[in-house]
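The values are calculated or read from the model by the stated rules, or taken from the named source; none is laboratory data. Everything quoted here is computed from the prediction, not taken from an experiment. For neighbour counting, all protein chains shown are included, and Cβ atoms are generated from backbone atoms with ideal geometry for every residue, glycine included.
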Amino acid sequence: MASAAALVVGLFLFGLGEAMLVAANIGVSPWTVLAQGVVVQTSLTLGQATLALSLCVLALWWPLRQMPGLGTVLNALIIAAVLEYVLPYLPRFEVLWGQGLYAIAGVLVTGLGSGIYLIANLGPGPRDGLMTGLQIKTGLPIAQVRGGLEISVVLLGWLLGGTAGLGTLLFALGIGPAVALSLFWLGRFTRTPSL
């Protein structure tokens, strides 16, 4: 039960961090760039587009022989719900330094959410399962697979009208250290080893 609670809290924080990046309005994470592109090309909202993309990614799991878990399903639902229902209430900043600090805070909150979500260990998110499935299928190093996916979705999202910018760069450079810091900090309180 504690793992399920940690999963929900972690995914809420992950979604909140993503929403903060959107509210900062200087570029978003790679998969949100794609979701924004889908929004531009359709009548979907950002939360709906995020959920639709998660379902499409999950469909790609079948030929990769990946198995979803509770975390997989809740990942798709909770992050989309936060973008749908919390984002409209977040403050906005008009000056670049405020937007930049807001984006950095968004990356840190996303990293904290990721750490809590990973410690719950109840199944990978749709995008993580795609990454590990492709890595197993291709035999390529995980960094190359992850990098290839992230670059591909940013480019596709940007071509569709999504917003790539400083926030996207901050996310790309900061999410790894933010997750590592989160796991280190959480490990001190939960006796879970940091990665």
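Overview of values
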quantity	calculated
Some residue of segment 136-151 being buried (at least 21 other Cβ atoms within 10 Å of the Cβ), of a type outside the set (D, E, K, R) and either within 21 Å of Leu34 (Cα to Cα) or touching a Gly at 6+ places or on another chain (Cβ under 9 Å) (or both)	no
Cβ-Cβ under 9 Å pairs, at least 6 apart or on other chains, segment 98-111 side part of a helix (DSSP H, G or I), far side crowded, with 24+ Cβ neighbours inside 10 Å and of a type in the set (Ser, Thr, Tyr)	Gly106/Ser29; Val107/Ser29; Leu108/Ser182; Thr110/Ser29; Gly111/Ser182
Which numbered condition Gly129 misses (of (1) at pLDDT 90 or above; (2) closer than 19 Å to Leu58 by Cα)	(1)
Test: residue in segment 175-182 that is part of a helix (DSSP H, G or I) and closer than 30 Å to Thr42 by Cβ	yes
Within segment 40-68, tally of residues that are among the small types (Gly, Ala, Ser) and out of contact with any helix residue (DSSP H, G or I) (no Cβ under 9 Å at 6 or more places or on another chain)	2
Candidate set: segment 25-47, residues that are outside any loop (DSSP other than H, G, I, E, B) and over 15 Å from the mean Cα position of the chain (by Cα); chosen: the one surrounded by the most Cβ atoms within 10 Å (Cβ to Cβ)	Gly37
